[in-house]
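The values are calculated or read from the model by the stated rules, or taken from the named source; none is laboratory data. Keep in mind that what you see is a predicted model, and the values were worked out from it rather than measured. Glycine gets a Cβ as well: all are built from the backbone with ideal geometry, and neighbour counts include every protein chain shown. What goes into the accessible areas is simple: the full protein's heavy atoms, side chains included, and nothing from ligands, DNA or RNA. Shrake-Rupley method; radii C 1.70, N 1.55, O 1.52, S 1.80 Å.
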Amino acid sequence: MKKLLFLVAFALVSYTGFGQQLGVKAGATYATFKGEDAKNYDYRLGYTAGVMLQQHITDLVGVQVEALYTSKGAKIESKAGNTEINSIYRLNYVDVPVMLHISAGGMFIDLGPQASFIAKAKRISETNTSSTTTTVETDITDHPYTVDFSYVAGIGFRAANNIGIELRYNGGFKKIDDEGPLVNAQRRNSSFNLMLSYLFW
């Protein structure tokens, strides 16, 4: 999946000769799972970073495409007697959103669909008893679907020096699990992103 990120980034760079603006962005994610079988999951902090390409059709309206490496997932706690189990799901994706970009006076709004390609996934389980703590990491990269589809909606502000800040919500359309013990569970990705960006002229 890293190769995919490099290919998308190369494609974005190769198009800058036609008047587009290339930029970089990075920030934090606050992610969890949503759905009928995800009511007990809590949010976990992650990260996102990548490149963006912006093309204005008019002064007000444009199109923005991005390639972002994003850490999503969730955490959940359970207890049985004196035993407490804390599980953290870390799902890393290459996100490729294609968005309508509306801007005026420095403020901007981004709306559109997103395809996400699974890069790596793991489950970290910590079992605590009255006397011991055991941590087990399990690779579950094969469990999620290879491709996830979602929508993105964000709002932000870009200053005159081309530095921008934005808050974005990302909501999954489909359940995550293709294999594994939770294959029949109704769980979807859901996350908030707080990002800083810079546009090159």
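Observations
Residue-wise test of (1) modelled with pLDDT of 95 or more; (2) touching a Phe, Trp or Tyr at 6+ places or on another chain (Cβ under 6 Å); (3) of a type in the set (Val, Ile, Thr).
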position	(1), (2), (3)
164	yes, no, no
169	yes, yes, no
177	no, no, no
183	no, no, yes
186	no, no, no
189	yes, no, no
194	yes, no, no
197	yes, no, no
201	no, no, no
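- Candidates in the range 106-136 are the residues that are in contact with a strand residue (DSSP E or B) (Cβ under 6 Å, 6 or more places away or on another chain) and free of Cβ contacts under 8 Å to residues at least 12 places away in the same chain; of these, the one that is farthest from residue 174 (Cα to Cα) is 134.
- Some residue of the range 90-112 being of a type in the set (Phe, Trp, Tyr), open to solvent by 30 Å² or more (accessible area, probe 1.4 Å) and assigned to a strand (DSSP E or B): no
- Scope the range 156-181; condition free of Cβ contacts under 8 Å to residues at least 40 places away in the same chain and either of a type in the set (Asp, Glu) or crowded, with 19+ Cβ neighbours inside 10 Å (or both); matching residues: 177, 178, 179
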